[in-house]
Amino acid sequence: MSPLSRRTRVSAVAAVAALALAGVTPALGGSSAQADTALFAPRLVTVDTPTRADKELLQRLGLDLTEHAGHDYVEVVLHDATDLDALLHSGLGYDVRIPDLIARSVQNEQVNRAYAAATLESPLPSGRDAYRTLADYNDDLRELAAIRPAIAKRITLPHKSLDGRTVYGIEIGRNVQAAEDGRPVFVLLGLHHAREWPSGELAMEFAYDLVQNYGTDARITGLLDRSRVVVVPVVNVDGFELSRTDGSLVDLREVDAGGTVSLLGTPGNAYKRKNCRVVDGQDPIDGTCRVASATSPGGYGVGVDLNRNYGGFWGGPGASDVFADPTYRGAGPFSEPEIQNVRELISGRQVTTMISNHTFSNLVLRPNGVHPDTIGHDGLPVGNAPDEEALKALGARMTAANGYRNIHGWELYDTTGTTEDWSYNATGGFGYTFEIGPDEFHPPFPKVVDEYLGAGAYAGKGNREAYLAALENAVDTATHAVISGKAPKGATLRLRKEFSTPTWEGSFTDRLNSTMKVGMDGRYTWHVNQSTRPVVQDKLVEITEDQPVRSQSFQGGPTTVGQSVDHPFTVTETGIDVLQVDLDWPTPDDLDLEVYRKNADGSLTEVGSSGNSVNEKEQTQIGAPAPGDYVLRVINFASIAPSYTLTATLFDSAVVSSEEVPGLIETWTLTCEKDGRVLQRESVVVDRGQQVRVDLAECSRRW
Ligand code: 0X9
Ligand code: ZN
């Protein structure tokens, strides 16, 4: 069962918008709720979630969560008054970060226009000074391939989008027009989520960088001699086209919709997230997505969240089974053609490293997407990725370049069905999600330049350098496997594997199938992924629990209403995970609690608070409390003569049990083929970092 709510998202706003689109003047009554609705400005807020339970509660509200989250907060887009209502009723505290996203996009557009007017050529590899449209991407992919056909080839992905668009990519590497010759593949993806425009820009710029610098830059030349790079800048072509062209500048609240009311929440599709699925299982009539999306605030109610549609852990926590939710996972694993495209790309090649770009939050996320203690389909905790150390090490190299945080996907919130959770667990190729940029889905364009090339302390590095580090990992034989030997000249070699992968709700069959052609020297070297899927490998299952390190109690009372009492508390220990403060009293009383950190100049910064209603006890948790002085403030909110006990406890998380769960050993089936006829078949077991030799003598004899 998905933890997300079944809250119906068809709001009053949506209904009014639909009427307005249909040319009907909405007859709004005078109720204040409706008046609020009409005036609601879509906004970005920071919701306080100091505990895991708070995060789970927030996830159940079905709101549009961003990946901008930390130990004790998550940023959320409120599209309409219904969203705001849901948040208010949850009791979770919040601050407004961007009070009016439409005004913000108008401002951003002004910055963009000024930048484009003042810039002849930006420092980006392409020299562009403004966000691309879908047509720009398609033109650029065609032209870039045409400029240097020896090293760049446009590719057409096998499935058209739901709205009938063709999805293109570009393949870059030495002698790219020739058949595969066993080099490892690096894949860079953008725009799974429609509104995350920089995610496509950075992918496209990296393609320009590689194509332009092959032959002149020794590092890039060396890398492209040893690999192939496949860039698909726009995975969600339909969604992006809508987000980019429909609504970013339209503030419908200024439109007179019949003389009585002005409209509305995020109009148009500037903040659309998902794809163009309108009804599950049905190919929508082309163009219906635009109309259907306009009836949903921000256009995000319509569609499948493409980053929940992959098979890995599909149907588990952090993805919704409710169509209108922002994280709707789709009717089944890989139900969406846009995701079948990526699946077939990665299943049809030996992709040893993959990055999927998103915005925003300055993060490099690695598998897995769910907390390791989460009980999976097999009744066992999911655990850490078996390659945790190596994944973390590459993450650290990349974040040294872009300045982002290097963390697991689950450290923000649980997700299942994401790109890298499938690709890593099914193929063993390293996979990451990049959350580009600090604070916006599509910031002013100059920020895109900075994110690519690096700025400030990261000038000259940035994501350009992070992608190069990933490409270096893709060709590093220590992190993948190599099969080599003798084989007939010109023979086709094929590696196949087929397996059933359990999801949270059933299973699906995955097939990996890639080929290479043996060169004229009668030898082959094939850079491949390990034969055993990480998801079935031996794993170490560790259960961690918070354990108290030290606890201190204070007694207090009586006080008068409105009076507060401060209790000093000092954290002397370093590396503490959580400071938990509990306030308890004999019933019935109403006291509140605030926690402050004392700054060097004696001033106080609030780091936690708790203000429940009468008789509910107060508790607040402060993540990773820095050593120093704190003030624990007890406030008499509405009590006659209370007495209370205040307890501050420091917790560290410690491994309480650890168990080695034995896994499986899986094989590749290697075949040697002539004109489609199999002349030899071998089973090959090979691990990450291993090199095995398989001479295909039988194939040579029968050639
Ligand atoms: O939720 C998502 O799909 C991604 N964040 S976003 O704000 N761009 O939508 C993050 C997915 C990656 N996270 C994990 N693998 N856990
Ligand atoms: Zn995203």
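Summary table
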read-out: About the Cα centre, charge dipole magnitude for the stretch 541-660 (Lys/Arg +1, Asp/Glu -1 at Cβ), debye; value: 560
read-out: Exposure ranking of 527, 358 by accessible area [1.4 Å probe, largest first]; value: 527, 358
read-out: Helix axis angle, 337-347 relative to the chain longest principal axis, alpha carbon, degrees; value: 50
read-out: Dipole axis of the stretch 541-660 (+1 Lys, Arg; -1 Asp, Glu on Cβ), positive-most option in 586, 561, 574; value: 561
read-out: Helix-only mean residue ellipticity at 222 nm for the chain, each DSSP H run of n ≥ 4 adding -39500 (n - 2.57), per residue, nearest 500; value: -7500 deg cm²/dmol
read-out: Mean Cβ count within 10 Å, highest first, over the residues of peptides 53-62, 543-552; value: 53-62, 543-552
read-out: Folded to 0 to 90 degrees: helix 198-213 orientation relative to the chain principal axis, Cα; value: 30
read-out: Cα point-scatterer Debye curve for the stretch 541-660, base-10 log of I(q)/I(0) at q = 0.22 Å⁻¹; value: -1.18
read-out: Cross-link partners of residue 617 among aspartates and glutamates (Cα-Cα below 19 Å; sequence separation of 8 or more within a chain); value: 48, 54, 566, 582, 584, 589, 590, 592, 594
read-out: Charge dipole of the stretch 502-544 about the Cα centre (unit charges at C-beta), most positive-ward option of 526, 512, 536; value: 526
read-out: Apportionment of accessible area to carbon and sulfur, the stretch 541-660, percent (1.4 Å); value: 49
read-out: Between helix 101-118 and the chain: long-axis angle, C-alpha atoms, 0 to 90°, nearest 10; value: 50
read-out: Cross-link reach list, aspartates and glutamates versus residue 674, counting only Cα pairs under 18 Å and skipping chain neighbours closer than eight places; value: 180, 181, 521, 682, 695, 698
read-out: Neighbourhood net charge (10 Å Cβ-Cβ; Lys/Arg +1, Asp/Glu -1) for residue 481; value: 0
read-out: DSSP beta bridges in the stretch 276-431 [antiparallel fraction, %, rounded to 5]; value: 10
read-out: Given charges at beta-carbon only (K, R positive; D, E negative), |dipole| of the stretch 73-202 in Debye; value: 620
read-out: Simple spin-label estimate for residue 90 and residue 661 in nanometres, 7 Å along Cα-Cβ; value: 2.9
read-out: Dipole axis of the chain (+1 Lys, Arg; -1 Asp, Glu on Cβ), positive-most option in 41, 416, 166; value: 166
read-out: Interchain or long-range residues, amide H under 5 Å from residue 73's placed H; value: 49
read-out: Solvent-accessible area per residue for the chain (1.4 angstrom probe, square angstrom); value: 38
read-out: 3J(HN,Hα) from dihedral phi, the stretch 685-698, Karplus parametrisation 6.51/-1.76/1.60, rounded to Hz, x for glycine, proline; value: 9, 8, 9, 4, x, 9, 10, 10, 10, 10, 7, 9, 5, 4
read-out: Eligible lysines near residue 539 by straight Cα distance, threshold 21 Å, same-chain separation 8 or greater; value: 392
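The values are calculated or read from the model by the stated rules, or taken from the named source; none is laboratory data. As the structure is a prediction and not an experimental result, all values here were calculated from the model. Cβ sites come from the backbone with ideal geometry, for glycine too, and all protein chains shown count toward neighbours. Heads up: the accessible areas ignore ligands, DNA and RNA and are worked out on the full protein's heavy atoms, side chains in. Shrake-Rupley method; radii C 1.70, N 1.55, O 1.52, S 1.80 Å.
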